[in-house]
Amino acid sequence: MLETIKELNGFHQSDHKNGHVNGHSNGTASHADTENAKAKQAIETAVRTILTNVGEDPNREGLLGTPDRIARMYDEILAGYTTDPVKLVNNALFDVEYDDPVIVKEIEYFSMCEHHMLPFFGRAHIAYIPSDKVIGLSKIPRIVEMFARRLQVQERMTRQIAEMIDEVLQPQGVAVVVEGSHMCSMMRGVKKEHPRMMTSYMLGKYRKDKDLRREFMDQLRK
């Protein structure tokens, strides 16, 4: 089952529709190190250019290390581009005779809006109805994190999480609800202090059965 992930939904190839590159390079470690160093240097140069053009002096004491810090920060907070989903799941699928909903609530995430490169953050809530397998509990938050650690829009991230769980487990149904607070609307634009966006994506029985959807939403309110 896991091998099919490599060919499904572009997890290991360029996602031309979304502009995302997934998986990792087939080159040698030394080639990857060289490319990473070039990328880090390019980010540092870009940060210095930004600092200069907003009226700052990138050579003053407080900013001397800022380009390096930002480059290293991006390597961490955008690590989802280089996460291998097959290694992430790591065969943590288990045969279980269970066909009631499995619900994991309150999964914290932090992401970056692709429109302004400002953070958005919140919680994801996920349910699935197993067919013949369940996935290790720790893997669901890791799936959320993989898609959150990219330049994102919340709507796409919600769909990607649901589709990966669906491809990995082939369950009877999947439901994903994501709530997020977006700094791009809190710091700029409408400048509202507490706006919160909610998105959902349903597959299988959760898409077809309104009673199942209602049960899931009721669980989230508890």
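Yes or no: the range 174-187 includes at least one residue that is outside the structural domain of residue 73 (by TED's automatic domain parsing) and free of Cβ contacts under 8 Å to residues at least 40 places away in the same chain. Checked the range 174-187: at least one residue is outside the structural domain of residue 73 (by TED's automatic domain parsing) and free of Cβ contacts under 8 Å to residues at least 40 places away in the same chain.
Evaluation of residue 151 against the conditions (1) in contact with a strand residue (DSSP E or B) (Cβ under 9 Å, 6 or more places away or on another chain); (2) under 16 Å from residue 79 (Cα atoms); (3) surrounded by 20 or more Cβ atoms within 10 Å (Cβ to Cβ) shows that the sole unmet condition is (3).
Summed over the range 173-188, residues that are touching an Asp or Glu at 6+ places or on another chain (Cβ under 8 Å) and either of a type in the set (Val, Ile, Thr) or modelled with pLDDT under 95 (or both) total 2.
Just one of the listed residues (221, 213) is crowded, with 18+ Cβ neighbours inside 10 Å and charged (D, E, K, R), and it is 213.
The values are calculated or read from the model by the stated rules, or taken from the named source; none is laboratory data. Bear in mind the structure is a predicted one, so any value in this text is a computation, not a measurement. Neighbour counts are summed over all protein chains in view; Cβ atoms, including those assigned to glycine, are modelled from backbone coordinates with ideal geometry.
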